[in-house]
Amino acid sequence: MCRRSSSIADVGAGKVSAMDDRILGTSAGKSAALLAMVFLLVAGIACASEVLSAAGQERLQPSRPMSSSQIQPFSVEEQLAASYAPIVYLREQDGACDTDGEAYYPAPVEIVLGNPNVSLRSASPGSTSELAGPSAADLFGRDADFYLDLPGDPRRPGCDYERDFLKLAANHPAVAYAHIVREPGFEQLAVQYWFYYYFNDWNNDHEGDWEMVQIVFDATTAEEALREEPILAGFSQHSDGEAAAWDDKKIEKEGDRMVVYVGAGSHANYYDDATYLGRVNGCDDASKPLRRVPLEARLVPAEISGEDDPFAWLEFGGRWGERQPGHRNGPTGPASKGRWNEPITWQNGLRDTSLKVPNISVGPNAAGFFCDVVAFGARHLLGSARWFALSVGIVAVGGIATALARTTYRPALATPLRRRRRFGQILTSALAIQRSRWLFFGAIGACLIPAGMVVMAAQSLILPISPVEALLGVFDNSATTAAFALGLGTVQFGVAYWLILCTVIVTLAELDAGRPVGVRHIYQKIAGSFWPLVRARLASLLTIGLFTLTVIGIPLALRYAVRMTFLEHVILLGGSNDTTAHTASARLVEGRWWRTSGVSAAIAITGIAAGPALGAALVLSAAAPLGAINVISSLVYVLLIPYVAIGLTLLYYDAIASRAERD
């Protein structure tokens, strides 16, 4: 079209040049000149139209990366892979090195192949084999004894891997390696999309990570699949995964492209943005805020022609990261996994659902508690500090078990309150007192429910306020935001517990005196001593905080905190004011520091940890839905907080009786 237009333009131009000035001066000459200009304009438009059309046709073709010689340009297989290339949503980082967000995206393997800072090593005993900057050809045919060693230490990753990745991936797109496979014995076709991540920054830090999603067609060839819709989808989640029918509402799509929500750091794939619970591996956070990352599909060949094949790295039988013990070991490649050749068998073994972590609870969230415990265990018990952590845990558990075994529990001495009791008797007596008026003490504990609502409301209102955002922005770290939210929640629940403690102290005093318990009278008595109570406790907290800030003063802070255990008791029951309460409480603890610290810690741990621990056990046993587990955990927490206050009050009366004996 451009050639024909160009020749027309040339003819027009020639006619113009052949005209002399006399002819151009006439009307006919002017018409001829005008006609020639029209010819030139039409020719230019026609040529530009053809160029733009060709460019548009080129853009409409699926992007075709370097592929094996067996793959024809824009083949049916490539069209199929490009049509359904997934779109991943990754958790947004608040700033550089924010481990609550996702620092990595699915990248091409070229970021490590040919990289002089990456080494191919052999794990065979006595082997010193090492090759810097290995290529795809160097990986071809290597067995399980070999591994890629990336720069950095996965046991102490810091921000090294993230910085390296940002440099290496700067000029590379986000990609998914498409693998089209039919498993023998099944009349179905699977299209798998494999994601390579540079680093797995989660509970089990390790170099390299391979994850995948797949779709299944009721077809046997790519040509048939192009004319149909998929029937199934499967998302990998660590060593397991979740399935869905293609028409299931839980699958989000943008056109024909699946939306995949990726767990931050772990790279497990989910159908919705939320935090998910794994009973063994821990929790995956795929919740907002998120960033959208469309993936370019790169079709891999069904067979590798040899070491010169651009995809020769698929025949690497080793590990794509440094060899480490246990869960920190680098992963094997896609073709080494069973699902590579048996996608339908893998699909048929997937779960139908994943457990979401509920956000609402009173007191510690049972599911959140479970997540934190698993994360701590994975990062510390499986890490370099595992022996130290295990030793501390064994000593702590052994000490508690010894104390529980050596104490006396019977009889449960509910009255009179002012008397000596063994550790076990304090526990059983507190339970007997609570059971005698369970409804009343349950109502007192229920004060935590509005406190929990206040915490959530305060966090949602305070965190978005500009000065707070600016303050948190100085640190540019989501850990600071989390610490701020945790601190706010601690203050809110601390105030609620403090009010419950004061209420229980007055209630027990009224019961011990044989007077009827009235809510109005109780709060009138608390109100009469309210400001001395507030000033005394704030002064003690300030002192503890100042000692703690010095670091070397932490032992002094701990000693002082135990000595201030009975501040509220000596004001409400002993007649002290805010200036004499500190001395009065310290005198009661004098000579009984270890007993006071041990018993109060045991009672507090029982009240605070029992609910979440029960919830975590229910999570492991799958005895109930997560929402019901959180409700159960919250109810236990509401019931046990008054129990803690009763136990501490009995410990106070035990100290009073002990002091009287000494005097």
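Considering every residue within the stretch 323-331, establish whether at least one is in a loop (DSSP other than H, G, I, E, B) and under 17 Å from residue 194 (Cα atoms). Within the stretch 323-331, one or more residues are in a loop (DSSP other than H, G, I, E, B) and under 17 Å from residue 194 (Cα atoms). Scanning the stretch 300-344 for residues that are open to solvent by 40 Å² or more (accessible area, probe 1.4 Å), touching a residue at least 12 places away in the same chain (Cβ under 8 Å) and over 25 Å from residue 81 (Cβ atoms) turns up 319, 323, 326, 327. Among the residues making up the stretch 129-186, those that are of a type outside the set (Phe, Trp, Tyr), assigned to a helix (DSSP H, G or I) and farther than 19 Å from residue 304 by Cβ are 160, 162, 163, 164, 166, 167, 168. Here the stretch 409-435 is the region considered, the condition is being open to solvent by 80 Å² or more (accessible area, probe 1.4 Å) and modelled with pLDDT of 90 or more, and the residue that is nearest to residue 641 (Cα to Cα) is 431.
Only one residue in 563, 587, 592 is open to solvent by less than 60 Å² (accessible area, probe 1.4 Å) and charged (D, E, K, R), so which one is that? It is 592.
Could you please let me know if residue 353 is modelled with pLDDT of 80 or more, loosely packed, with under 15 Cβ neighbours inside 10 Å and under 39 Å from the mean Cα position of the chain (by Cα)? Here the answer is yes, as residue 353 does meet what is asked. Scanning the stretch 186-202 for residues being in contact (Cβ under 8 Å) with a residue 60 or more places away in the chain and open to solvent by 10 Å² or more (accessible area, probe 1.4 Å) gives a total of 4.
Screening the candidates 654, 663 for the property of being more than 37 Å from the chain's Cα centre (by Cα), modelled with pLDDT of 85 or more and acidic (Asp, Glu) yields one hit, 654. For the stretch 133-153, the count of residues that are of a type in the set (A, V, I, L, M, F, W, C), in contact with a Ser or Thr (Cβ under 9 Å, 6 or more places away or on another chain) and open to solvent by 40 Å² or more (accessible area, probe 1.4 Å) is at least one. Residue count for the stretch 136-172, restricted to those that are touching a Leu at 6+ places or on another chain (Cβ under 8 Å) and not acidic (Asp, Glu): 7. Hey, does the stretch 278-289 have a residue that's surrounded by fewer than 14 Cβ atoms within 10 Å (Cβ to Cβ) and of a type in the set (Gly, Ala, Ser)? No: the stretch 278-289 contains no residue that is surrounded by fewer than 14 Cβ atoms within 10 Å (Cβ to Cβ) and of a type in the set (Gly, Ala, Ser).
Of the residues making up the stretch 509-534, those that are within 47 Å of the chain's Cα centre (by Cα) and charged (D, E, K, R) are 520, 525. Considering the conditions (1) modelled with pLDDT of 85 or more; (2) within 25 Å of residue 135 (Cα to Cα), residue 328 is excluded by exactly one of them, (1). If you go through the stretch 512-533 and keep only what is of a type in the set (A, V, I, L, M, F, W, C) and free of Cβ contacts under 8 Å to residues at least 12 places away in the same chain, you end up with 513, 519, 527, 530.
Considering (1) assigned to a helix (DSSP H, G or I); (2) surrounded by fewer than 17 Cβ atoms within 10 Å (Cβ to Cβ); (3) touching a strand residue (DSSP E or B) at 6+ places or on another chain (Cβ under 7 Å), the lone condition that residue 347 does not fulfil carries the number (2). Here residue 624 qualifies as outside any helix (DSSP H, G or I), surrounded by fewer than 16 Cβ atoms within 10 Å (Cβ to Cβ) and modelled with pLDDT under 70.
Under the condition of being more than 21 Å from residue 294 (Cα to Cα), out of contact with any helix residue (DSSP H, G or I) (no Cβ under 7 Å at 6 or more places or on another chain) and either surrounded by fewer than 21 Cβ atoms within 10 Å (Cβ to Cβ) or without any contact (Cβ under 8 Å) to a residue 24 or more places away in the chain (or both), the residues counted in the stretch 213-241 number 10. Looking at 505, 500, can you tell me which residue is crowded, with 16+ Cβ neighbours inside 10 Å, under 23 Å from residue 608 (Cα atoms), touching a Cys at 6+ places or on another chain (Cβ under 9 Å) and touching a residue at least 60 places away in the same chain (Cβ under 8 Å)? Selected residue: 500, the only one of 505, 500 that is crowded, with 16+ Cβ neighbours inside 10 Å, under 23 Å from residue 608 (Cα atoms), touching a Cys at 6+ places or on another chain (Cβ under 9 Å) and touching a residue at least 60 places away in the same chain (Cβ under 8 Å).
For the stretch 119-128, give me each residue that is open to solvent by 40 Å² or more (accessible area, probe 1.4 Å) and in a strand (DSSP E or B).
Selection gives 121 alone.
The values are calculated or read from the model by the stated rules, or taken from the named source; none is laboratory data. Since we're looking at a predicted model, the values are computed, not measured. Positions of Cβ are generated from backbone atoms using ideal geometry, with glycine treated the same way; all protein chains shown enter the neighbour counts. Areas reflect the complete protein model, heavy atoms only, side chains present, ligands, DNA and RNA absent. Shrake-Rupley method; radii C 1.70, N 1.55, O 1.52, S 1.80 Å.
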